[in-house]
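What follows is a short report on a single structure.
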Amino acid sequence: MAAADGYAELGLIDLAWEEVGTLTETDRNIPEVQELILGLLVRQNRWLEAAEAGHRMCLERWDRPAVYIHTAYALHELGRTAEAQSTLQGGPECLRTDPLFHYNMACYLAVSGKLKDAEVSLRTAFSMDGKLRLHARRDPDLKALKGML
């Protein structure tokens, strides 16, 4: 698991999958491993697989923010932005302490044309993590909010 996670962090996705492949079925069902697998699917733009895997985890009410963030992102990339927004909003309360929750919510709101709400979410994200402002300037989902970036 540690090796797979390390490879994933370095962007060596194929090597991460190789490490995941060496795990037993029991180990692959550990929440941390499931979360890692979900992250690998997202990094490979395997949106449908990520959305399906993440949806199962969300239904089980996992208390892990990354599960909801990854699942919502995959749904958004599939053009299911309203469902992505709903997935984030339905996540555990601890999710609201993650700046990516607010950033991604801003993206989904902006794409949906709810610019005032998107601006509030984006300001919250920036106040939690100022480095997100740099990413926001290049994010096509936020082009309608260009003036505040």
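Please treat every number below as a calculation from the coordinates, not as lab data. No experiment lies behind these values; they were computed from the predicted model shown. Here the Cβ positions follow ideal geometry from the backbone for every residue, glycine too, while neighbour counts run over all protein chains shown.
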key: √(5λ) per eigenvalue of the Cα gyration tensor, the range 14-98, largest first, Å   = 22, 15, 10
message = If packing is taken as the average count of other Cβ atoms within 10 Å, what order do 48-56, 140-148 fall into, highest mean first?
response = 48-56, 140-148
query = If you look at just the Cα atoms of the range 45-149, how large are its Rg and its Dmax in Å?
reply = 13.0, 40
request  = Return the distance in nm (one decimal) between the two label points of a simple spin-label model at T24 and K146, each offset 7 Å from Cα along Cα→Cβ.
outcome  = 5.7 nm
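Which FRET efficiency value, to the nearest 0.05, is calculated for K116 and R43 with the Förster distance at 41 angstrom and r the Cβ-Cβ distance?
Details: r = 33 Å, r/R0 = 0.79.
Efficiency computed from Cβ-Cβ geometry: 0.80.
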request  = Could you order peptides 13-25, 83-95 by the average number of other Cβ atoms within 10 Å of their residues, highest first?
outcome  = 83-95, 13-25
